[in-house]
Amino acid sequence: MSDWFSILSRKTKSADEAKERLKLVLIHDRTDISVTTLAEMKDELLQVISKHVTIDVSKVKITMMHEGREQRLIADIPIKPFGKR
């Protein structure tokens, strides 16, 4: 039974990754922001924020969202408690 659950959870993770890749392709088509530029923006944001607070880089999620005619850059950047560098 646990093998069955692990198979299902792997497919879900794979599907989620495919959705994220598709979103990046759509973002590029709608905004003319390349995947490389988006990655550079993410790196620069993390550098600036990490100068002031300690962040958990492994859990950072930067996405673009389409709302009507607007594009939104959404950054979910977990901050570590002070003293845990």
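Just so it is clear, none of the values below were taken in a lab; they were calculated from the coordinates. Just so it is clear, the model here is predicted, and its values are computed rather than measured. Positions of Cβ are backbone-derived with ideal geometry, glycine not excepted, and every protein chain shown enters the neighbour counts.
The label-point distance for A39 and D56, in a model that sets each label 7 Å from Cα toward Cβ, rounds to 2.5 nm.
The stretch between R21 and R69, if pulled fully straight at 0.36 nm per residue, gains 15.2 nm over its current Cα-Cα span.
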